[in-house]
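Please read through the structure below; I'll follow up with questions.
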Amino acid sequence: MTAGAEDRFRWHPAARLFGAEGAEVAPVSDGPSLMEDTDSPAALAKAMARAGRAFRIGAPDQAAPVDMDPPAFETLTSGTSGTPRRIRRAQASWTASFAVNARLFGLGPSARVAVLGRLSHSLALYAGVEGLHLGAAVHLLDRLRPDRQRRALADRGITHLYATPAQLRLLAEASGPVLPLAHVILGGSKLDATLCAAVAELAPQAQVTEFYGAAETSFITLSAPDLPQDSVGRAYPGVEIAIRDGDCSVPEGQAGTVWVRSPYLFQGYGDNAPGPAQRDGDWLSVGEIGTLRAGCLTLHGRAGRMVTVADQNVFPEEIEGFLVGLGLSRVAVLPRPDPMRGMVLVAVAQGDGQGTEAILRAARDRFGPLKAPRALMWRADWPELASGKPDLARLAAEWGA
């Protein structure tokens, strides 16, 4: 079946594209299928000029994407392993959500959209493509340091900002003006209370919306102020969520593997390589463990990161979220072999080492002596992947976990 115009990316007649320094980039007649992300405005202009043909920005050492019908393209995800994985998608899997976001966030020709990350990260690419498709002015600020990004957001009157919490934290920590943002749209991880307060000072008029999803699934849930704070929100429009134990659905309130069905799912991994996603007919799971209560999804962590400590299953992500709530800006909880318990957990955080005993005591009070980290180590810098997620492999190697 041949795809219609609504199933492919387009450069809207009203859309405009600007680089980090503010120079406008014009549409080009056509571009190559494979582009590096070092010059993001030029790369995005070439990608959008392909008019339904395949493209990928980033990973130039890997095979180029192949033209398909319906039109497809590739994004990249580094997850937490650091190795780029190619994600093949139908363009319609993104255009289907463009109309939803236009309604939810007022995206259109009057919007000024900013992107902080590199286009090899799927969130940044999504925001850029969506903005041009809907006729917005799109500003790619990935080449600027955080204080200059903050200044550019103010000077250019940006109305919509797509970012990860890690990017937003750097923006809030940088010096600069209060921002006139109307919408802050966040993906990648949950917003902690400390960062939430910082965003309220950074952009006091902004509506902050968090979404949960994955490179393979796109949107799964959206948050709202009236929903439980420990949840990631309710299903995004068009998404169905099921919680399973094996092949069986579990009762409400019981933990299990999160499965989703929606028009936003990916087609497969590049070169049909294996990956973490599993399919069951129209349903897909990336191995996340969660609980549904009254339609709200609470996440516990990825099955791949689950650690067994003295015969108890522990999800490091839950402990990391608690520690961030205590005021740690960047933290990773890692397993370490133990002759008595099989594994124990340790935490690595960015900071100056103050309050170690109080933090460990609070974790023991919350999780108990078996699940709580046995030690807390500190470092001045913080290794991150291109997606803004912590480089867990490097942290584990350096701390002997």
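Looking only at helices (runs of 4 or more DSSP H) that lie completely in segment 316-401, which have at least 3 residues being surrounded by 19 or more Cβ atoms within 10 Å (Cβ to Cβ) and either out of contact with any Ser or Thr (no Cβ under 8 Å at 6 or more places or on another chain) or not assigned by TED's automatic domain parsing to the domain that holds Gly188 (or both)?
Details: elements: 316-325, 356-371, 392-398.
Those helices (runs of 4 or more DSSP H) span 316-325, 356-371.
Let me ask something else. Can you pull out every residue in segment 280-295 that is surrounded by 19 or more Cβ atoms within 10 Å (Cβ to Cβ) and either modelled with pLDDT under 85 or not β-branched (Val, Ile, Thr) (or both)? Give the derivation first.
In the first step, residues of segment 280-295 are kept if they are surrounded by 19 or more Cβ atoms within 10 Å (Cβ to Cβ); the result is 284-286, 288-292.
Leu284, Ser285, Glu288, Gly290, Leu292, listed by residue number.
Matching residues to (1) at pLDDT below 95; (2) of a type in the set (D, E, K, R); (3) over 29 Å from Ile87 (Cα atoms); (4) over 17 Å from the mean Cα position of the chain (by Cα):
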{"position": "Leu179", "(1), (2), (3), (4)": "no, no, yes, yes"}
{"position": "Lys190", "(1), (2), (3), (4)": "yes, yes, no, no"}
{"position": "Leu195", "(1), (2), (3), (4)": "yes, no, yes, no"}
{"position": "Ala198", "(1), (2), (3), (4)": "yes, no, yes, yes"}
{"position": "Ala206", "(1), (2), (3), (4)": "no, no, yes, yes"}
{"position": "Asp226", "(1), (2), (3), (4)": "yes, yes, yes, yes"}
{"position": "Val232", "(1), (2), (3), (4)": "yes, no, no, no"}
{"position": "Val239", "(1), (2), (3), (4)": "no, no, no, yes"}
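Quick one: would you say Phe73 is hydrophobic (A, V, I, L, M, F, W, C), assigned to a helix (DSSP H, G or I) and under 19 Å from the mean Cα position of the chain (by Cα)? Give the derivation first.
On the way: hydrophobic (A, V, I, L, M, F, W, C): yes; assigned to a helix (DSSP H, G or I): no; under 19 Å from the mean Cα position of the chain (by Cα): yes.
Taking the combined requirement at face value, the residue does not satisfy it.
Let's see how each residue does on (1) free of Cβ contacts under 8 Å to residues at least 12 places away in the same chain; (2) charged (D, E, K, R):
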| site | (1), (2) |
| --- | --- |
| Tyr212 | no, no |
| Asp230 | no, yes |
| Arg279 | yes, yes |
| Gly290 | no, no |
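Then there is this: Scanning for something closer than 21 Å to Phe266 by Cα and of a type in the set (Ser, Thr, Tyr), does segment 182-194 turn up at least one residue? Walk me through how you get there before you give the answer.
Going residue by residue through segment 182-194, those that are closer than 21 Å to Phe266 by Cα are 186-189.
Filter again for of a type in the set (Ser, Thr, Tyr), leaving 189.
Yes - at least one qualifying residue is present in segment 182-194.
For the structure I just gave you, tell me whether Pro27 is in a loop (DSSP other than H, G, I, E, B) and in the same structural domain as Asp155 (by TED's automatic domain parsing).
When the stated conditions are applied, Pro27 passes them.
If you don't mind, another one. Would you check if there is a residue in segment 32-45 being of a type in the set (Ser, Thr, Tyr), at pLDDT 90 or above and either under 23 Å from the mean Cα position of the chain (by Cα) or buried (at least 20 other Cβ atoms within 10 Å of the Cβ) (or both)?
Looking for residues that are of a type in the set (Ser, Thr, Tyr), at pLDDT 90 or above and either under 23 Å from the mean Cα position of the chain (by Cα) or buried (at least 20 other Cβ atoms within 10 Å of the Cβ) (or both), one finds at least one in segment 32-45, hence yes.
So how many residues does segment 50-60 have that are small (Gly, Ala, Ser) and surrounded by fewer than 17 Cβ atoms within 10 Å (Cβ to Cβ)? If you could, list the steps in order and put the result at the bottom.
Within segment 50-60, the first condition is being small (Gly, Ala, Ser), and the residues that meet it are 51-52, 54, 58-59.
Going one step further and asking which of them are surrounded by fewer than 17 Cβ atoms within 10 Å (Cβ to Cβ), we end up with 51.
Within segment 50-60, residues that are small (Gly, Ala, Ser) and surrounded by fewer than 17 Cβ atoms within 10 Å (Cβ to Cβ) number 1.
Here's another thing I want to ask about it. If I filter segment 242-276 down to residues being buried (at least 19 other Cβ atoms within 10 Å of the Cβ) and of a type in the set (A, V, I, L, M, F, W, C), which single residue comes out as nearest to Ala96 (Cα to Cα)?
Leu265
Hey, another quick one. Only one of Val66, Val28 is surrounded by fewer than 19 Cβ atoms within 10 Å (Cβ to Cβ) and closer than 22 Å to Leu265 by Cα. Can you tell me which?
Only one candidate passes the filter, namely Val66.
Just checking, does segment 245-255 include any residue being modelled with pLDDT of 95 or more, touching a strand residue (DSSP E or B) at 6+ places or on another chain (Cβ under 9 Å) and not assigned by TED's automatic domain parsing to the domain that holds Phe322?
So in segment 245-255, the residues modelled with pLDDT of 95 or more come out as none.
There is no residue in segment 245-255 that is modelled with pLDDT of 95 or more, touching a strand residue (DSSP E or B) at 6+ places or on another chain (Cβ under 9 Å) and not assigned by TED's automatic domain parsing to the domain that holds Phe322.
Within segment 157-203, count every residue that is assigned to a helix (DSSP H, G or I), touching a Ser or Thr at 6+ places or on another chain (Cβ under 9 Å) and not small (Gly, Ala, Ser). Before you say what the answer is, go through the steps one by one.
Applying the first criterion (assigned to a helix (DSSP H, G or I)) to segment 157-203 yields 165-173, 193-202.
Now narrow it down to the ones that are touching a Ser or Thr at 6+ places or on another chain (Cβ under 9 Å): 165-166, 169, 173, 194-195.
Remaining after also requiring not small (Gly, Ala, Ser): 165, 169, 173, 194-195.
Qualifying residue count, segment 157-203: 5.
Then there's this: Scan segment 324-358 for residues that are under 20 Å from Leu392 (Cβ atoms) and modelled with pLDDT of 90 or more and jot them down.
Listed by number, the residues that qualify are Val331, Ala332, Val333, Leu334, Leu345, Val346, Ala347, Val348, Ala349, Gln350.
Would you check if Asp226 is without any contact (Cβ under 8 Å) to a residue 24 or more places away in the chain and in a loop (DSSP other than H, G, I, E, B)? Steps first, answer last, please.
Numbers: without any contact (Cβ under 8 Å) to a residue 24 or more places away in the chain: yes; in a loop (DSSP other than H, G, I, E, B): yes.
Judged against the criteria, Asp226 is a match.
Here are Ser175, Ser122, Ser189: which of them is surrounded by fewer than 16 Cβ atoms within 10 Å (Cβ to Cβ), in contact (Cβ under 8 Å) with a residue 24 or more places away in the chain and of a type outside the set (D, E, K, R)? Reasoning before the result, please.
On the way: Ser122 fails: surrounded by fewer than 16 Cβ atoms within 10 Å (Cβ to Cβ); Ser189 fails: surrounded by fewer than 16 Cβ atoms within 10 Å (Cβ to Cβ).
The conditions single out Ser175.
The values are calculated or read from the model by the stated rules, or taken from the named source; none is laboratory data. Every value quoted in this text rests on a predicted model; they were computed, and no experiment measured them. Methodologically, a virtual Cβ is constructed for each residue, glycine included, from the backbone with ideal geometry; neighbour enumeration extends over all protein chains shown.
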